[in-house]
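Visitor: Take a look at this one; I'll ask things after.
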Amino acid sequence: MSFNSIVYAAFLVVVCLTSTVLLRHRVLRRIWPGGVRRQQALEWRNAFLLAASYVFYAAWDYRFLSLLVFSTLVDFAVGLALARRTEPQVRRRWLLVSLVSNLGLLGVFKYFDFFAHSFAALLGSLGFEAEPYLLELVLPVGISFYTFQTLSYTIDVYRGRIGAERSLLNFAAFVAFFPQLVAGPIERAADLLPQFRRTRLVTAHRFESGAFLIGTGLFKKVVIADNVSSVADASFALEQPDALQVVVGVYAFAVQIYCDFSGYTDIARGSARWLGFELSRNFNLPYFATSPSDFWRRWHISLSSWLRDYLYIPLGGNRRGPRRTSLNLMATMLLGGLWHGAAWTFVLWGALHGLLLGVYRWLEPRLAPKLAFVGPARSLLHGCNVVFFFHVICLTWLPFRAQDTGQLASRLVGLTTPSGDWLTSLDALGAWPLATVLTALLLGVQLLQYNQGTHWVVWRWPMPIRALAYAAAILVFVWTGEDNEMPFVYFQF
Amino acid sequence: MRQSVYCMLLALGFLMAAEFTLRALRRDGTLPYSYRKGGYLALVPELDEHGAGSIAIVGSSRAREAILSPTLEKALLAALRREKPKPGGATIEVRNYALSGAHADAVNQTIRHLLDAEPPPELIVYGVTPLQLETQRTDPAHHVSYTWEIGDAWDAFRRGAEDAPRYLPNAVRNELAHASWWVRLRPTVRAALRRPWSELAWQDLHEVWQAPEQQANPMRGQLPPKQQGKDRNRVIRVGKRRIEKYLDGLYQEPEYPHTRQVAWLRDSLSLCRESGVELLLVELPAAPALRRYSPEHTYPGFNRLFTELSNEFDVPFVPIDEVDVTFEARDFREQSHLTYVGAVKFSRALAPVIVREGRLR
């Protein structure tokens with residue numbers, strides 16, 4: 001049940017109507033024989049949300065529902081145990097139970113075959129022939145997201161930042177909450193869990209902004225990402241691309257992955273708003289970043305802050321000198337890369353980001369005093385910085401998108417291969433004119449958002465202009481929206 | 001909130017103004033005909049705007065290329081005059097709704113739309129081939145879904161097309177396309193936007209503004225585009241290797257004939273019976289090499305199945321041997337399709353068969 005399907009639209013409408021209209025205390029009190037207490041109504045609502053979330057997940061593959069339930073039960077029990085015990089050693093052991101079971105799940109389902117393959121290849125390169133033992137398991141949808149979410153809960157309880165959740169129902173609903181279950185944002189228990197404990201109101205503003213977010217997300221996914229993806233796919237399918245084909249392909253992928261993932265997040269946030277919840281923002285105009293650390297404050301914010309709080313800082317952060325800081329950055333980003341997928345290309349992607357963070361950390365204090373301009377020169381430098389860093393990020397998308405190191409190598413060779421007739425080169429990439437128009441549209445809107453400092457620029461426009469924009473968006477949606485329901489890129493992680 | 005509602009209402013107003021402008025500028029709401037997906041998309045607007053004609057041809061591209069509406073119309077009129085002389089003469093409109101790659105499920109969908117047309121055709125000529133009972137080369141719901149309405153999607157899902165929900169957007173768009181010409185024009189606009197340098201894409205967009213009679217549309221009783229070009233009599237030599245490559249994995253027992261396709265076929269026959277529209281099943285010609293190199297059981301099994309269905313549903317079935325026509329090498333473009341001369345020959349030979357078996361009123 002993908003967010004861009006009509007089945008999901010029907011599901012969302014049914015769930016929202018049932019949860020926010022039928023299961024309201026005011027309604028239940030009147031229709032239920034003997035009346036219903038406010039707390040009881042809330043429990044029913046949460047139980048309904050849990051059931052809906054399980055139905056949503058089972059629609060992907062019901063067999064993996066057991067993993068979700070297992071993860072929920074383990075972390076709920078660990079949370080309670082951590083709340084009861086005060087002895088540091090015992091608490092540490094309980095935390096270890098959570099870590100081992102969650103990371104164990106990830107290890108078995110996501111990484112076992114990758115490491116088995118890599119180990120066999122290593123032995124092979126040393127002259128020992130070994131047939132790797134493979135589990136060949138299907139990767140459960142969203143496993144990387146919900147394991148990180150439940151892990152953050154137990155770690156926060158262990159650290160004493162939040163109290164343990166006493167209601168299994170609330171906790172299970174928090175872990176399985178369907179708008180963010182399969183591709184995030186990875187919510188912190190401190191932010192999301194309390195929302196299950198209080199009465200949630202869907203105000204007119206919430207409904208309106210939710211609808212806007214869902215509409216924006218669908219437009220980003222179905223119109224921009226799905227159309228631009230055909231250009232990226234065509235480019236990466238070429239065996240010997242030339243420089244222009246590689247560059248256009250990687251630009252297309254940069255637009256695709258941003259619109260795909262941020263579109264998903266917008267739909268998730270909009271859906272949650274219709275249910276009375278508030279999810280965190282996962283993207284903040286990432287391609288306007290001027291440095292790697294700025295990029296990670298804008299891109300997949302819930303993951304980067306997770307990695308910062310539960311990996312980078314526990315490793316020592318920047319408190320142990322420049323060398324250790326660089327090492328910590330590299331380790332964090334390597335694991336961040338590996339989190340995305342069990343492949344060396346993702347590890348390389350993580351390593352590149354680790355390297356960039358380290359280099360910028362070293363360069364910034366040295367260059368900043370020399371580049372302290374004022375007035376138009378400062379704006380110009382800022383603009384150049386944004387453009388330059390966008391290209392650096394595009395370069396890192398190469399290993400991220402490449403299916404294997406061979407494909408990556410052929411792209412790198414391609415970058416040095418001069419293009420002949422540019423129109424012939426582009427012709428091999430299919431629908432690049434439409435992709436260009438859609439990218440220009442995205443860039444235009446984002447420039448307005450960046451300059452005005454808000455994501456809701458359209459809402460500030462005079463009504464006729466806003467209505468005209470809506471009408472144009474509907475027409476563009478109908479005309480260029482992808483025929484078939486294409487999966488979201490981040491579902492594979 | 002109130003402002004957003006007003007905004008949406010105003011946006012709808014803008015869309016309606018755009019719709020009225022388009023309707024004022026265009027003569028009708030049909031789509032330019034093209035092969036593959038374009039044919040499927042053109043079907044419903046065509047029926048909405050021009051009805052089904054008196055004789056409708058259905059089937060795959062082999063039926064489209066083999067039965068030429070203008071030739072058949074003339075031959076039928078002549079044959080009818082011979083058989084049943086009428087004062088003032090009869091009028092017959094032959095329309096060819098056969099679609100590329102259509103298997104029994106897609107033909108079923110075409111027949112459903114034809115039966116819903118106002119008025120429905122008097123006779124449906126169903127050109128049958130063994131390939132229509134295969135499933136190997138089609139995604140069961142993919143092409144068919146371009147002609148779906150929401151009820152059809154549900155029906156297909158109920159009958160075992162598990163991926164039907166994936167194609168629901170097509171069904172929703174088709175429902176909307178009944179009301180909006182802008183929605184109808186989607187494939188044409190999309191093609192032009194995706195490949196603006198492609199002559200073909202602009203040609204379609206240009207055709208939107210052309211008078212219908214200037215187009216090449218077999219659904220409107222004109223010759224199909226391939227039968228009009230300078231290559232219409234071009235012959236590609238077919239050898240054993242090409243046929244083997246073509247037949248790769250086709251017609252293998254026990255999957256063949258596929259039960260789901262047979263079920264769709266049976267459904268088509270019963271739909272016609274229920275609605276009182278006459279149906280005629282005609283086996284389409286295939287190059288001798290294709291018959292020779294197909295698995296042995298293919299054609300006998302195919303004939304047996306259609307003979308059984310013919311008896312069960314009281315629908316005439318005409319095997320190719322019973323059509324009075326002799327083909328030569330130059331009549332086949334390749335193993336499956338006829339050249340223009342072959343198609344003229346077959347269409348002429350089909351007229352007396354239709355008069356004899358078609359129960360024309």
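The values are calculated or read from the model by the stated rules, or taken from the named source; none is laboratory data. Because the structure is a prediction, the values reported are computed rather than measured. Glycine gets a Cβ as well: all are built from the backbone with ideal geometry, and neighbour counts include every protein chain shown.
Visitor: Quick check on my filter: what residues within region B:298-326 are aromatic (Phe, Trp, Tyr) and modelled with pLDDT of 90 or more?
Guide: Result: B:Phe306, B:Phe313, B:Phe317.
Visitor: Also: If you check B:His206 against the conditions, is it part of a helix (DSSP H, G or I), more than 9 Å from chain A (Cβ to nearest Cβ) and in contact (Cβ under 8 Å) with a residue 12 or more places away in the chain?
Guide: The answer is no for B:His206.
Visitor: Hey, which of the helices (runs of 4 or more DSSP H) in region A:1-85, taking only ones fully inside, have at least 3 residues that are more than 30 Å from A:Arg161 (Cα to Cα) and touching a helix residue (DSSP H, G or I) at 6+ places or on another chain (Cβ under 9 Å)?
Guide: Ranges flagged: A:6-17, A:25-31, A:38-61.
Visitor: Shifting gears a bit: Looking at region A:477-491, is at least one residue within 10 Å of chain B (Cβ to nearest Cβ), within 22 Å of A:Ser2 (Cβ to Cβ) and out of contact with any helix residue (DSSP H, G or I) (no Cβ under 6 Å at 6 or more places or on another chain)?
Guide: yes
Visitor: Out of A:Phe56, A:Phe48, A:Phe114, A:Phe109, I need the residue that is surrounded by 14 or more Cβ atoms within 10 Å (Cβ to Cβ) and free of Cβ contacts under 8 Å to residues at least 40 places away in the same chain. Which one?
Guide: A:Phe48
Visitor: Restricting to region B:243-272, count the residues that are part of a helix (DSSP H, G or I), under 14 Å from B:Val128 (Cβ atoms), over 17 Å from the mean Cα position of the chain (by Cα) and not hydrophobic (A, V, I, L, M, F, W, C).
Guide: 1
Visitor: Could you tell me which residue of region B:155-175 is farthest from A:Leu429 (Cα to Cα), considering only residues that are of a type in the set (A, V, I, L, M) and at the interface with chain A (Cβ under 8 Å from one of its Cβ atoms)?
Guide: The qualifying residue farthest from A:Leu429 (Cα to Cα) is B:Val172.
Visitor: Being of a type in the set (Phe, Trp, Tyr) and within 11 Å of chain B (Cβ to nearest Cβ) is the filter; apply it to region A:182-226 and report the residue that is nearest to A:Trp479 (Cα to Cα).
Guide: So, considering only residues that are of a type in the set (Phe, Trp, Tyr) and within 11 Å of chain B (Cβ to nearest Cβ), the one nearest to A:Trp479 (Cα to Cα) is A:Phe212.
Visitor: A further question on this structure: When region B:1-37 is examined, which residues are found to be outside any helix (DSSP H, G or I), within 9 Å of chain A (Cβ to nearest Cβ) and closer than 16 Å to B:Leu176 by Cβ?
Guide: Within region B:1-37, none qualify.
Visitor: Checking the conditions here, which among A:Thr396, A:Thr424 is part of a helix (DSSP H, G or I) and within 14 Å of another protein chain (Cβ to nearest Cβ)?
Guide: One residue alone meets the criteria, A:Thr424.
Visitor: Return the pairs, sorted by first residue and then second, in which the second residue is of a type in the set (S, T, N, Q), the first residue lies in region A:282-305 and is assigned to a helix (DSSP H, G or I), the beta carbons are less than 6 Å apart, and the residues are 6+ apart or on different chains.
Guide: From residues that are assigned to a helix (DSSP H, G or I), the pairs are A:Trp296/A:Ser304; A:Arg298/A:Asn284; A:Ile301/A:Asn282; A:Ser302/A:Ser280; A:Ser302/A:Asn282.
Visitor: So, one more: State the number of residues belonging to region B:176-203 that are surrounded by fewer than 17 Cβ atoms within 10 Å (Cβ to Cβ) and more than 8 Å from every other protein chain (Cβ to nearest Cβ).
Guide: 7
Visitor: Which one is surrounded by the most Cβ atoms within 10 Å (Cβ to Cβ) among residues in region B:328-339 that are among the hydrophobic types (A, V, I, L, M, F, W, C) and modelled with pLDDT of 90 or more?
Guide: Filtering region B:328-339 for residues that are among the hydrophobic types (A, V, I, L, M, F, W, C) and modelled with pLDDT of 90 or more, the one surrounded by the most Cβ atoms within 10 Å (Cβ to Cβ) comes out as B:Leu338.
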